[in-house]
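Accompanying notes for the structure given below.
Laboratory data are not the source of any read-out in this text; all were calculated from the coordinates shown. What you see is a predicted model; the values in this text were computed from it and never measured. No Cβ is skipped: glycine too gets one built from the backbone with ideal geometry, and neighbour counts run over all protein chains shown.
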């Protein structure tokens, strides 16, 4: 086991959806989210529930809870011990909303398409 490099997914216009999400969180939730990202960088693909859950098509969610507030950050792995963080959301329902997963998968596809063209 060793450290994984964490990268924030960047849209073609230069914005980073997960950075915008992190900036929107309360300071306590943001600290908890950054701690969770640190744990993810240490454990990478060995991280399991309750911290991480595999969704589909190589997409995972990092599960963050502070008090009664729950948030999720989506990520995927790329060759070379890299983790790309796509986006996040505040969880308000028991099931992860499909539109949030679709958006994260779109970012993943966009990232992979750009990388294959480099």
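Okay, residues lined up against (1) in contact with a strand residue (DSSP E or B) (Cβ under 8 Å, 6 or more places away or on another chain); (2) under 25 Å from residue 42 (Cα atoms); (3) assigned to a strand (DSSP E or B):
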{"residue": "58", "(1), (2), (3)": "yes, yes, no"}
{"residue": "70", "(1), (2), (3)": "yes, yes, yes"}
{"residue": "75", "(1), (2), (3)": "yes, yes, yes"}
{"residue": "88", "(1), (2), (3)": "yes, yes, yes"}
{"residue": "95", "(1), (2), (3)": "no, no, no"}
{"residue": "99", "(1), (2), (3)": "no, no, no"}
{"residue": "106", "(1), (2), (3)": "no, no, no"}
{"residue": "111", "(1), (2), (3)": "yes, yes, no"}
{"residue": "114", "(1), (2), (3)": "no, no, no"}
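None of 89, 107, 77 is touching a residue at least 24 places away in the same chain (Cβ under 8 Å), under 13 Å from the mean Cα position of the chain (by Cα) and under 17 Å from residue 5 (Cβ atoms) except 77.
Residues of the stretch 84-96 that are under 21 Å from residue 23 (Cβ atoms) and surrounded by fewer than 16 Cβ atoms within 10 Å (Cβ to Cβ): 90, 92. Considering (1) surrounded by fewer than 16 Cβ atoms within 10 Å (Cβ to Cβ); (2) under 13 Å from residue 87 (Cβ atoms); (3) without any contact (Cβ under 8 Å) to a residue 12 or more places away in the chain, say which one residue 16 fails and leave the rest. Only one criterion in (1) surrounded by fewer than 16 Cβ atoms within 10 Å (Cβ to Cβ); (2) under 13 Å from residue 87 (Cβ atoms); (3) without any contact (Cβ under 8 Å) to a residue 12 or more places away in the chain is unmet by residue 16, namely (1).
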